[in-house]
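The values are calculated or read from the model by the stated rules, or taken from the named source; none is laboratory data. Quick caveat, the model's predicted, so the values are computed rather than measured. Every residue, glycine among them, receives a Cβ derived from its backbone with ideal geometry; neighbour counts consider all protein chains shown.
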């Protein structure tokens, strides 16, 4: 699916923000999936992408302990951070004060079935040095995805045969209108280090507050986000039903 990491991504690091406080599925990073905490599954998928070191930015010691017990690396961060972006920024400052890593890939901690190729795909737009942030999307195939407000739509004009386009907007409604595909945004990001630092320093944007979509803050501030199309949307685990589905999908590989 993805091409080799380009030379523009000189020294990426993968950070996985994780915290226990979740309304619909409390303690979700530690949720058991065939004897292994969910956060460890995510860490393993990110390691398999093989694009650089992988570190979990944990809000609580229990999450960090689960990762280190599995042989991974974790760093504790302030549990009061309002977003994953703030959490990975703190982790980056602690891990890399000498600024060796120029690109930061933010992998959400609730994607246990994530394909490693999808992680690698997020780096491809960074071949263009004008890109501040890269993210992913997949073409919407079902009526549910088109209509559901929890399925965020990414607006971009993809030229036929091209897999990368500039993000123009993100919305919870069906945009744009007219004939043509809609795209399901996947909340996995690659930031240039300077872009992440600028992003977390910005106040929440007007459209961000209206749509409740953090990425709109970057667009409102004039930052460039490019989108890489991929084939599938990773399963995000937000509910007990999602957790059961993750267990079902991972069972064959573990049997």
Q | residue 164 being under 17 Å from residue 122 (Cα atoms) and buried (at least 19 other Cβ atoms within 10 Å of the Cβ) | A | no
Q: Sort out which residues of segment 75-113 are buried (at least 23 other Cβ atoms within 10 Å of the Cβ) and over 30 Å from residue 128 (Cα atoms), and write them in order of number.
A: 77
Q: Just one of (1) at pLDDT below 95; (2) on the phi > 0 side of the Ramachandran plot trips up residue 83, so point out which.
A: (2)
Q. Among the helices (runs of 4 or more DSSP H) confined wholly to segment 29-136, which include 1 or more residues that are under 23 Å from residue 239 (Cβ atoms) and within 13 Å of the chain's Cα centre (by Cα)?
A. 38-49, 84-95, 116-121
Q | Only listed residue being closer than 16 Å to residue 105 by Cα, surrounded by 22 or more Cβ atoms within 10 Å (Cβ to Cβ) and not assigned by TED's automatic domain parsing to the domain that holds residue 163, chosen from 54, 67 | A | 54
